[in-house]
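Here's the structure, in structure tokens; my notes come after.
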There are 2 protein chains.
Amino acid sequence: MSILLDGKATSLKIHDELAVRVKEIKKEGGKVPHLAAIIVGDNGASRTYVNAKVKTCEKVGFESSLIQLPEDISEVALLAKVAELNNDASIDGYIVQLPLPKHIDETKITLAIAPHKDVDGFHPENVGRMALGLPCFLPATPAGIVELLKRYEVPTEGKHCVIIGRSHIVGAPMAMLMWQNAIPGNSTVTVTHSRTTNLKEICLSADIIIAAIGKPEFLTGDMVKEGVAIIDVGITRVADATKKNGYRLLGDVNFEEVAPKASFITPVPGGVGPMTIASLMINTLKAVDRN
Amino acid sequence: MSILLDGKATSLKIHDELAVRVKEIKKEGGKVPHLAAIIVGDNGASRTYVNAKVKTCEKVGFESSLIQLPEDISEVALLAKVAELNNDASIDGYIVQLPLPKHIDETKITLAIAPHKDVDGFHPENVGRMALGLPCFLPATPAGIVELLKRYEVPTEGKHCVIIGRSHIVGAPMAMLMWQNAIPGNSTVTVTHSRTTNLKEICLSADIIIAAIGKPEFLTGDMVKEGVAIIDVGITRVADATKKNGYRLLGDVNFEEVAPKASFITPVPGGVGPMTIASLMINTLKAVDRN
């Protein structure tokens with residue numbers, strides 16, 4: 001019987017903890033954390049994500065600013081906005097919601113964000129600090145996964161953790177965090193990707209699988225061993241006429257097949273997703289201390 | 001029959017290539033690369049390493065400066081020296097030879113080095129850039145290994161690369177470079193370390209093994225499969241009365257046992273070691289363009 005790693009419930013608990021902390025800060029006369037979010041253009045999914053972040057800020061008592069910029073804004077104008085936020089002492093941390101329109105170089109924007117306000121943890125200095133085990137902003141999704149593993153006390157030390165996908169946002173940082181000398185951590189880590197030849201065999205040897213490739217129901221029951229812990233980072237919209245909104249959300253894991261064999265498993269939705277926003281809030285609180 | 005990955009010969013070839021490039025630069029009236037090295041105190045091994053670096057500079061036609069500081073220099077004074085080198089336009093890149101005396105915080109010093117002069121590639125910004133596949137100074141030892149794999153055309157794509165050791169200087173960066181979408185690269189990568197439970201089994205499944213733990217002759221013949229490619233990063237002095245200097249150098253690999261099964265193998269000494277200095281020279285040449 002598998003234990004559900006309930007990201008929704010855990011994130012609500014973190015919200016409560018943060019709300020308590022904000023009340024203490026106010027009582028002490030300290031600075032209330034302030035998160036800003038830049039959104040460029042009118043991408044529906046981006047808007048949904050940013051709105052959820054702003055709503056969570058309100059809920060936990062953080063200040064928030066939503067900066068909506070037009071789709072056709074120039075790269076220079078966006079860089080000027082970034083510089084403005086870097087210099088605005090009232091804002092502790094901010095994010096630039098990705099993806100950006102094609103005429104803007106995302107790397108250039110990411111590099112322009114002051115590392116001490118980079119609560120998404122995407123700036124090379126934060127990535128490098130994570131790799132070196134120095135204080136930093138952890139990228140939100142990996143940080144959320146680590147928090148889930150910690151709170152549910154999923155055994156990681158000496159375990160074989162297989163990561164499917166080598167993305168800069170999830171796969172690669174997750175690998176570094178899982179091999180670090182820490183708990184959670186101290187796992188033997190295998191990073192697999194599109195060039196991996198014997199993925200099934202590798203997955204069958206895994207005690208923990210972190211799937212982050214964005215292929216719906218990719219990981220099937222025959223690919224996992226009894227007792228495996230499963231973290232499903234994938235979240236893909238698949239057309240579904242029976243749903244009111246016309247789609248349903250699928251993870252990278254075939255839940256029905258894999259769950260019966262798993263010791264721990266995250267659902268989709270309600271697993272890693274809500275933890276990502278909770279991590280962003282934790283980073284914003286941390287940013288107050290760093291600034 | 002295994003092919004020897006001859007780091008000594010390869011590094012000499014790189015020296016020649018660099019010397020040719022320096023002559024071209026001089027002809028074009030460009031800036032001749034200038035490497036500076038700070039050495040604190042009188043550690044014998046450190047002095048040997050730094051001298052070898054300075055000598056290689058002379059050989060390839062780079063300018064070099066050796067800055068010897070007393071063992072009891074204060075952290076503040078060392079930081080002042082670092083700031084001076086950051087601001088000295090005549091110096092393209094520099095290193096602070098580690099280890100430093102115990103009263104100095106190595107991390108603080110590393111963080112103070114300007115990333116664009118950090119030819120050792122130890123600053124978090126360079127580490128993060130490497131992880132993200134952005135232009136950077138690669139740390140010298142991993143860069144040297146990649147260069148060896150490239151020049152000997154060791155197959156890496158889709159191969160299982162097992163890394164023994166998770167150090168910030170070798171194991172961790174090597175993992176990132178081996179899984180990157182590049183040649184060499186595109187390997188399935190497993191990072192193992194002191195908490196790994198079934199190392200022998202994992203090594204037996206490896207097509208490539210990179211051993212970097214500093215335990216003499218740790219990897220034995222029974223731990224590798226036929227046809228494996230071996231990179232031995234270890235280099236430990238072991239007392240040997242039959243030698244004039246009283247010691248011999250041993251790698252992490254039992255060469256006699258492993259070599260007959262290997263497709264490629266680095267010797268110790270004469271393998272990874274000389275490549276490390278060659279990489280430092282390559283980084284210094286790159287630094288001229290970055291500054």
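The figures follow:
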{"quantity": "Filter pass, B:Gly221 being modelled with pLDDT of 95 or more, of a type outside the set (Val, Ile, Thr) and not assigned by TED's automatic domain parsing to the domain that holds B:Cys57", "calculated": "yes"}
{"quantity": "Yes/no for A:Ile210 being in contact with a Cys (Cβ under 8 Å, 6 or more places away or on another chain) and at pLDDT 95 or above", "calculated": "yes"}
{"quantity": "Any hit, segment B:215-229, residues being exposed (fewer than 14 other Cβ atoms within 10 Å of the Cβ), more than 9 Å from every other protein chain (Cβ to nearest Cβ) and in contact with a strand residue (DSSP E or B) (Cβ under 6 Å, 6 or more places away or on another chain)", "calculated": "no"}
{"quantity": "Enumeration of residues in segment A:241-268 that are more than 12 Å from A:Ser2 (Cβ to Cβ) and in contact (Cβ under 8 Å) with a residue 40 or more places away in the chain", "calculated": "A:Gly251, A:Asp252"}
{"quantity": "Residue among B:Ala278, B:Ala287 that alone is part of a helix (DSSP H, G or I), surrounded by fewer than 23 Cβ atoms within 10 Å (Cβ to Cβ) and of a type outside the set (D, E, K, R)", "calculated": "B:Ala287"}
{"quantity": "Check on A:Lys261, surrounded by fewer than 24 Cβ atoms within 10 Å (Cβ to Cβ), of a type in the set (D, E, K, R), outside the structural domain of A:Glu63 (by TED's automatic domain parsing) and more than 26 Å from A:Ile210 (Cα to Cα)", "calculated": "no"}
{"quantity": "Among (1) part of a loop (DSSP other than H, G, I, E, B); (2) of a type in the set (A, V, I, L, M, F, W, C); (3) under 30 Å from B:Ala114 (Cα atoms); (4) away from chain A (no Cβ under 14 Å), the one test that B:Val268 misses", "calculated": "(3)"}
{"quantity": "Set B:Ala9, B:Ala36, B:Ala77: member being farther than 23 Å from B:Ala114 by Cα and of a type in the set (Gly, Ala, Ser)", "calculated": "B:Ala9"}
{"quantity": "Test result for B:Gly128, closer than 27 Å to B:Ala9 by Cα, outside the structural domain of B:Cys57 (by TED's automatic domain parsing) and of a type in the set (Gly, Ala, Ser)", "calculated": "no"}
{"quantity": "Filter pass, B:Ala239 being in contact with a strand residue (DSSP E or B) (Cβ under 6 Å, 6 or more places away or on another chain) and at pLDDT 95 or above", "calculated": "no"}
{"quantity": "Every residue from segment B:149-173 that is within 16 Å of the chain's Cα centre (by Cα), more than 26 Å from B:Ala9 (Cα to Cα) and within 9 Å of chain A (Cβ to nearest Cβ)", "calculated": "B:Arg166, B:His168, B:Ala172"}
{"quantity": "In segment A:182-197, the residues that are surrounded by fewer than 22 Cβ atoms within 10 Å (Cβ to Cβ) and more than 8 Å from chain B (Cβ to nearest Cβ)", "calculated": "A:Ala182, A:Ile183, A:Gly185, A:Ser194"}
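The values are calculated or read from the model by the stated rules, or taken from the named source; none is laboratory data. Keep in mind that this is a model prediction, so the values were computed, not measured. All Cβ positions, even for glycine, are placed from backbone atoms using ideal geometry, and neighbour counts span all protein chains on display.
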